[in-house]
Amino acid sequence: MIRPGLGRQSAITAVVALAGVATGLLLDLAWWHRLGLGDASDAVALALRLPVGLAAIVVVLGGQVLVPAFATWSTTFGPRDDARAMAGVLVWVVAGAAAVALLIATAAGPLMHVLSPHWAPAKLDLAASLTRVLAAYVPLLAAAEVFRSWLTARLVIGAPAVMSLLLNVTGIPVILFGPPSVTTVGIAYAAGSLVQVAAMASLAWRHGWRPARPAPREEAVRHTVALFARPSLGAGLNPVMRVVEGIVVSFLPTGSATFVHYGNRLAGALGGTIVFRSVMVALVPRLATAAGRGDESAFAALTRRGVRLLALAAIPMSLLGIVLAAPVTDLVFGLGRPPGSVKTLGALMAIYAVSFAGSGLQRALLAPFYALRDTRTPLRNTVYGAVANSAILLGGFPLVAGSPHAIALIPVAYSAAQYVNVAHAYARARRLPGMRTLGLAPAVAGSLLVGLPGAAMAWLVLRMSVGRQSVPVLALACVVGLGLSVAVGILARRRLTAGTARGPTRGPTPGPASSSAPGP
């Protein structure tokens, strides 16, 4: 009853998210080519760091706290109480985001100096001026995320995924046809976030939401807001890590901040937005519903299915990403520039691709804790990853500071931290009732079996066309690599299904205890 549609809804969301990421790439390319690679692009990368980091916190709060809360309220509250509680949460979230945005706008100058202490004053002033404009983006995005979480809790999954697409298609013409200045980038983000709020509210209205008098003091609302603390702290560690990276990058050559910005953005978009979040927004509401009904068997089976699904997506992504990252990045970001001008960014993306497998598995293993509204375990998981990241970064930088490849330490530290997260999440998940066996090892082995042939074929296509890696060649490598991985995956699934169907005829008939065995 819970499981049907999980894969289908994840796929729909992934397709929509892919359009959002593609247009997001176009948005970034717009200001990249409009401003050029240098002080202005570095200033944009620095100014975006705090607002984008805060936006990531808001999205985490939506997925970890609001979606389970709204899903629970939809079955325990009447329509009137549900609407008032949702309005109360909206008031709290927007007010908090507005207060943080005001603080950032007021302290923009000193904040930019702290984030990049080695930069020239003129460059920091440029970043500060953009930060003040970008501050408006934060409360608007927060309001849109509340509506999106309300829709997701009701399993309205595909349409809310267009939220990032709306921002991008609004911002691209603003940048292309506006004045070529960093302020124009801020106006583009603010305009796009305003469109997001209007679109998500309209979509929620279509699916039954109606404005109501807020009930911010309602016990359920206050309990939900109180749950924000740990996820906010955990999600806030990610921007803190980006700050640590920024401090290190400020000692590297001009343009390094831009490269790291794009590396983080692309890594997060390709994995976190297109694939991993697409599965999570379909999985967590189902897990929350199973937990609310006390259905331990369905809860455990869904968790195992999520592990298999995310492993099947994440591990081939890492393998194909390592092979394709450098040539694809150089082609896309090198448009209109000398060949190899963004070779550094391509190399960084290949290292970031190593993190995809860890990031996907971490999300799958933490999904049951989100559904149970356990905020302690995800916080500890984030802390362990942040400690590992900062230890590698700060401990390793003095050793590589004089090297022309010192910038590679940043994605190396980031990728290594993802696997620290996986180890902790796996240990904790196995302690949950009915989850002593999670099927992680078979899922990883099967995903390697699927991903390795595709990555090898993509590498072979590129290898045979050295010196003439045009758009058709790269497209062929992507299609052949992905196609072979999908074909191997389908074949393996059919053989497994056939073997499972024949299994009972060769052994004892399962007794009643077999009902507690892991689901498919």
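The values are calculated or read from the model by the stated rules, or taken from the named source; none is laboratory data. Keep in mind that what you see is a predicted model, and the values were worked out from it rather than measured. For neighbour counting, all protein chains shown are included, and Cβ atoms are generated from backbone atoms with ideal geometry for every residue, glycine included.
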- Picking from A456, A429, A441, which residue would you name as being hydrophobic (A, V, I, L, M, F, W, C), modelled with pLDDT of 85 or more and under 22 Å from the mean Cα position of the chain (by Cα)? A429
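With L449, L462, L399 as the choices, which residue is in a helix (DSSP H, G or I), surrounded by fewer than 17 Cβ atoms within 10 Å (Cβ to Cβ), touching a residue at least 40 places away in the same chain (Cβ under 8 Å) and not small (G, A, S)? Talk me through it step by step, then tell me what you get.
Values: L462 fails: surrounded by fewer than 17 Cβ atoms within 10 Å (Cβ to Cβ); L399 fails: touching a residue at least 40 places away in the same chain (Cβ under 8 Å).
Within the list L449, L462, L399, the selection yields L449.
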- Message: buried (at least 18 other Cβ atoms within 10 Å of the Cβ), closer than 19 Å to S149 by Cα and at pLDDT 85 or above: is that true of V89 in this structure?
- Response: yes
- Task: Determine, yes or no, whether V420 is surrounded by fewer than 21 Cβ atoms within 10 Å (Cβ to Cβ), among the β-branched types (V, I, T), at pLDDT 85 or above and farther than 30 Å from L252 by Cα.
- Result: no
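Select from region 96-133 the residues that are of a type in the set (G, A, S), out of contact with any Phe, Trp or Tyr (no Cβ under 9 Å at 6 or more places or on another chain), farther than 19 Å from T258 by Cβ and surrounded by 13 or more Cβ atoms within 10 Å (Cβ to Cβ) and list them in ascending order. Give the steps one after another, and end with the answer.
Narrowing region 96-133 to residues of a type in the set (G, A, S): 96-99, 101, 105, 107-109, 116, 120, 122, 127-129.
Going one step further and asking which of them are out of contact with any Phe, Trp or Tyr (no Cβ under 9 Å at 6 or more places or on another chain), we end up with 97-99, 105, 107-109, 116, 120, 122, 128-129.
Subset that is farther than 19 Å from T258 by Cβ: 97-99, 105, 107-109.
Within region 96-133, A97, A98, A105, A107, A108, G109 meet the criteria.
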- Item | Where a residue in region 300-314 is touching a residue at least 40 places away in the same chain (Cβ under 8 Å) and closer than 14 Å to S359 by Cβ and its partner, wherever it lies, is among the charged types (D, E, K, R) and buried (at least 22 other Cβ atoms within 10 Å of the Cβ), with Cβ under 8 Å and at least six apart | L310/R363
- Query: Applying the selection to region 209-219, what residues are in contact (Cβ under 8 Å) with a residue 60 or more places away in the chain and surrounded by fewer than 19 Cβ atoms within 10 Å (Cβ to Cβ)?
  - Reply: R210, P211, A212, R213, P214, P216, R217, E218
- Consider V156 against the criteria (1) assigned to a helix (DSSP H, G or I); (2) touching a His at 6+ places or on another chain (Cβ under 8 Å): it satisfies all of them except one. Which criterion is unmet? (1)
- Query: Taking region 263-320 only, how many residues are among the aromatic types (F, W, Y) and at pLDDT below 85?
  - Reply: 1
- Out of Y426, Y414, report the one residue that is of a type outside the set (A, V, I, L, M) and surrounded by fewer than 22 Cβ atoms within 10 Å (Cβ to Cβ). Y426
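Please enumerate the residues belonging to region 192-208 that are of a type in the set (G, A, S) and surrounded by fewer than 19 Cβ atoms within 10 Å (Cβ to Cβ).
Initially, region 192-208 is screened for residues of a type in the set (G, A, S), giving 192-193, 198-199, 201-202, 204, 208.
Scanning region 192-208 gives A198, A201, S202, G208.
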- Hey, A406 surrounded by fewer than 19 Cβ atoms within 10 Å (Cβ to Cβ) and closer than 12 Å to F251 by Cβ or not: no
